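A.B. asks: Quick one: the structure is below, questions incoming.
Derivation of every value follows stated rules applied to the coordinates shown; laboratory data play no part. This structure is a prediction, so every number in the text was calculated from the model and none was measured. Glycine gets a Cβ as well: all are built from the backbone with ideal geometry, and neighbour counts include every protein chain shown.
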Amino acid sequence: MQLPYMWDVPDTIRARFGQKSSGKQRAMFSDGHLLLVLHRAPRYGEREREGTLFWRKPDGEWECTRRDLGKGIRALRKHVQEYEATEEKFRADYEQADSAEDYFRILERMAPLHHAARSLHTTLQAAREAIPGDQDLIDLRDQAYTLERTLDLLHVNTKDALDFGIAKRAEEQARISLQAVQTAHRLNILAALFFPLMAISSVFGMNLSSGLEGISVWIFWFIFLSAILLGLVISLWVLSGSGIKVRWRR
């Protein structure tokens with residue numbers, strides 16, 4: 001990015017510019033001239049930052065490369081206000097978010113603005129130190145600090161909400177898994193309890209001659225009770241050998 005040829009800035013400042021991009025946000029001061037290299041408020045999906053140059057002459061008059069911002073110090077104010085307007089949109093998105101996906105999307109899209117706002121505050125702080133008596137720069141520096149602080153808080157709140165959503169979902173999955181383990185454990189106990197009875201019933205239910213067709217009825221009940229007792233023994237063995245101790249603390 002080249003300086004406008006009509007700008008009468010010192011050569012020491014002009015020599016610090018490359019030929020392709022404006023570089024990072026920074027403030028340059030020489031011989032009473034202040035030049036600010038600022039980035040436009042980032043938009044989602046942009047790979048390169050659009051640079052904007054602000055030149056403060058020794059007499060206090062300002063020039064800007066973006067004509068849509070106007071002239072004078074108002075151009076720099078509008079530049080900072082663009083950041084604030086973008087931050088308000090993210091804040092509105094945060095208030096309407098209700099899922100982990102929403103919070104992640106906010107963090108992803110807010111990251112470039114967060115980084116750019118931090119650099120904006122650093123640049124305006126350097127400009128304020130270069131020209132300590134300019135009240136407009138002091139006000140804009142404070143405004144940029146407030147913006148950076150607001151974005152910091154919004155980033156922390158969004159990340160906490162995302163972490164809480166993930167933790168809540170993990171807790172729900174753990175509870176469901178716990179319930180599945182408990183259900184499977186109960187089924188194993190029921191199977192162990194009735195397995196001997198079903199096995200004996202299957203054997204005596206076959207249409208084959210076994211020699212027991214004419215025995216007394218009390219033999220039937222003896223076999224039945226023996227099967228139940230055997231099932232209880234197997235169930236106790238399953239309980240003692242499984243080692244499952246399931247507890248859920250709320």
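A.B. asks: In whole Hz, what ³J(HN,Hα) sequence does segment 84-101 give by Karplus (6.51, -1.76, 1.60; θ = phi - 60°), x for Gly and Pro?
C.D. replies: 5, 5, 5, 5, 5, 5, 5, 5, 5, 5, 5, 5, 9, 5, 9, 8, 4, 5
A.B. asks: Here is a further query. What ranking do Met28, Met6 get, fewest neighbouring Cβ atoms within 10 angstrom at the top?
C.D. replies: Taking fewest neighbouring Cβ atoms as first place, the list is Met6, Met28.
A.B. asks: Order of Glu148, Glu84 from fewest to most other C-beta atoms within 10 Å?
C.D. replies: Glu84, Glu148
A.B. asks: Apply the Karplus curve 6.51 cos²θ - 1.76 cosθ + 1.60, θ = phi - 60°, to the phi angles in segment 160-166 and return the couplings in whole Hz, x for Gly and Pro.
C.D. replies: Karplus-based 3J(HN,Hα) across segment 160-166 equals 5, 5, 5, 4, 5, x, 5 Hz.
A.B. asks: Amide H of Arg16: which non-local residues (sequence gap of 5 or more, or other chain) have their own amide H closer than 5 Å, using H built in the peptide plane?
C.D. replies: Residues meeting the criterion, in which the H sits 1.01 Å from N, do not exist here.
A.B. asks: What are the aspartates and glutamates whose alpha-carbon lies under 17 Å from the alpha-carbon of Lys168, with same-chain residues fewer than 8 places away excluded?
C.D. replies: Asp98, Glu101, Asp102, Asp160
A.B. asks: If you rank His39, His155, His115 by fewest surrounding Cβ atoms within 10 Å, what's the result? Can you show the working numbers first?
C.D. replies: Values: His39 23, His155 18, His115 15.
Ranked by crowding around the Cβ, least crowded first: His115, His155, His39.
A.B. asks: So, one more: Once phi is turned into ³J(HN,Hα) by the Karplus curve 6.51 cos²θ - 1.76 cosθ + 1.60 with θ = phi - 60°, what whole-Hz value does each residue of segment 226-232 show in order, with x for glycine and proline?
C.D. replies: Result, rounded to whole Hz: 5, 5, 5, 4, 5, x, 5.
A.B. asks: Rounded to the nearest 0.05, what FRET efficiency do Ala184 and Gln96 have when you use their Cβ-Cβ distance and R0 = 45 Å? It would help to have the intermediate numbers written out before the result.
C.D. replies: On the way: r = 41 Å, r/R0 = 0.91.
Efficiency for this residue pair is about 0.65.
A.B. asks: Still on this structure: What are the residues whose amide H is under 5 Å from the amide H of Thr52, where those residues sit 5 or more places off or on another chain and H is modelled from the backbone?
C.D. replies: It is Leu38, His39, Arg40, by chain and number.
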